[in-house]
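**Student:** Quick one: the structure is below, questions incoming.
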Amino acid sequence: MSFFKTFLNSPVGPKTTHFWGPVANWGFVAAAMADIEKPPEMLSGNMTGVMCVYSALCMRFAWMVQPRNYLLLVCHASNETVQLYQLSRWAGGQGYLQLKEDKTPSP
Amino acid sequence: MATSKLQALWNHPAGPKTIHFWAPTFKWGISIANIADFAKPPEKLSYPQQFAVTATGIIWSRYSMVITPKNWNLFSVNLAMAGTGLYQLSRKIRHDYFNEEETAALKE
């Protein structure tokens with residue numbers, strides 16, 4: 001019970017913007033999860049690529065900012081993972097991940 | 001005089017040598033990617049993704065004005081996100097719901 005109270009009153013708790021900003025960013029993760037089954041032609045390479053760079057930067061930001069924002073860090077670590085996966089699916093659909101045709105098979 | 005001011009900016013604790021500068025600056029990439037996707041046909045747009053972009057933009061715009069000091073840089077980048085997201089949503093909704101009515105009316 002006291003843990004919950006500590007959380008409610010924390011400087012990065014639900015009474016502060018440091019909480020709700022990161023909560024909004026979980027929307028990106030939720031959106032990517034909703035699109036996980038979509039065919040690769042429907043994915044946006046632009047947006048997914050940008051998200052990969054952006055979440056990497058935000059993980060560093062969340063670590064360095066005062067007070068340190070673990071919620072934001074976890075949010076962007078998750079987003080980085082799911083966006084990289086979507087990027088690989090998009091790249092596969094575009095033909096970037098194909099093996100060279102003249103590759104000799106391994107013995 | 002100008003050099004020392006530039007030096008002060010360069011060495012600022014939230015300046016271009018720090019993540020406090022580059023994370024918000026790169027956020028413009030999301031709006032730029034969305035603008036590049038204005039050319040995409042509406043069938044290829046993603047409702048969840050555009051909704052997430054719009055909602056994030058609106059929430060962060062509001063909070064950037066509530067914090068001390070007000071962060072106009074953060075406000076402007078999130079306003080752009082909300083704007084591009086709303087436009088993309090309107091394109092897709094118009095395509096999905098209003099084109100059908102037009103084609104149905106034409107058939108009658």
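**Student:** Hey, any hits in region B:2-11 for a residue that's within 23 Å of B:PHE98 (Cα to Cα) and either buried (at least 19 other Cβ atoms within 10 Å of the Cβ) or free of Cβ contacts under 8 Å to residues at least 12 places away in the same chain (or both)?
**Tutor:** Checked region B:2-11: no residue is within 23 Å of B:PHE98 (Cα to Cα) and either buried (at least 19 other Cβ atoms within 10 Å of the Cβ) or free of Cβ contacts under 8 Å to residues at least 12 places away in the same chain (or both).
**Student:** Still on this structure, please answer the following. If A:GLN94 passes every condition in (1) closer than 20 Å to B:PRO42 by Cα; (2) more than 10 Å from every other protein chain (Cβ to nearest Cβ); (3) of a type in the set (S, T, N, Q); (4) crowded, with 18+ Cβ neighbours inside 10 Å but one, which one does it miss?
**Tutor:** (4)
**Student:** Separate question: Count, please, the residues in region B:49-84 that happen to be over 16 Å from A:TRP26 (Cβ atoms), touching a helix residue (DSSP H, G or I) at 6+ places or on another chain (Cβ under 8 Å) and small (Gly, Ala, Ser).
**Tutor:** 5
**Student:** Exactly one condition in (1) closer than 13 Å to B:ILE19 by Cβ; (2) more than 10 Å from chain B (Cβ to nearest Cβ); (3) among the β-branched types (Val, Ile, Thr) is not met by A:VAL65; state its number.
**Tutor:** Condition (2) is where A:VAL65 drops out.
**Student:** Would you pick out the residues in region B:71-98 that are more than 14 Å from every other protein chain (Cβ to nearest Cβ) and polar (S, T, N, Q)?
**Tutor:** Residues satisfying the conditions are B:SER76, B:SER90.
**Student:** Restrict the check to region B:42-52 and report whether at least one residue is at the interface with another protein chain (Cβ under 9 Å from one of its Cβ atoms) and either charged (D, E, K, R) or surrounded by fewer than 14 Cβ atoms within 10 Å (Cβ to Cβ) (or both).
**Tutor:** Yes, because at least one residue in region B:42-52 is at the interface with another protein chain (Cβ under 9 Å from one of its Cβ atoms) and either charged (D, E, K, R) or surrounded by fewer than 14 Cβ atoms within 10 Å (Cβ to Cβ) (or both).
**Student:** Please determine, by comparing only the residues of region B:54-70 that are more than 8 Å from chain A (Cβ to nearest Cβ) and in contact (Cβ under 8 Å) with a residue 12 or more places away in the chain, which one is farthest from A:THR17 (Cα to Cα).
**Tutor:** Looking at residues that are more than 8 Å from chain A (Cβ to nearest Cβ) and in contact (Cβ under 8 Å) with a residue 12 or more places away in the chain, I get B:THR54.
**Student:** What single numbered condition from (1) in a helix (DSSP H, G or I); (2) free of Cβ contacts under 8 Å to residues at least 24 places away in the same chain fails to hold for B:PRO16?
**Tutor:** Here B:PRO16 clears every test but (1).
**Student:** Okay, moving on. Please tell me if B:ALA36 is within 8 Å of chain A (Cβ to nearest Cβ), crowded, with 17+ Cβ neighbours inside 10 Å and aliphatic (A, V, I, L, M).
**Tutor:** When the stated conditions are applied, B:ALA36 does not pass them.
**Student:** Yes or no: region A:52-60 includes at least one residue that is in contact (Cβ under 8 Å) with a residue 24 or more places away in the chain, loosely packed, with under 14 Cβ neighbours inside 10 Å and of a type outside the set (Phe, Trp, Tyr).
**Tutor:** Checked region A:52-60: no residue is in contact (Cβ under 8 Å) with a residue 24 or more places away in the chain, loosely packed, with under 14 Cβ neighbours inside 10 Å and of a type outside the set (Phe, Trp, Tyr).
Read-outs: derived from the displayed coordinates by stated rules, not from any lab. Nothing here was measured: the structure is a model prediction, and the numbers come from that model. Because the Cβ atoms are built from the backbone with ideal geometry, glycine has one as well, and the counts that use them run over all protein chains shown.
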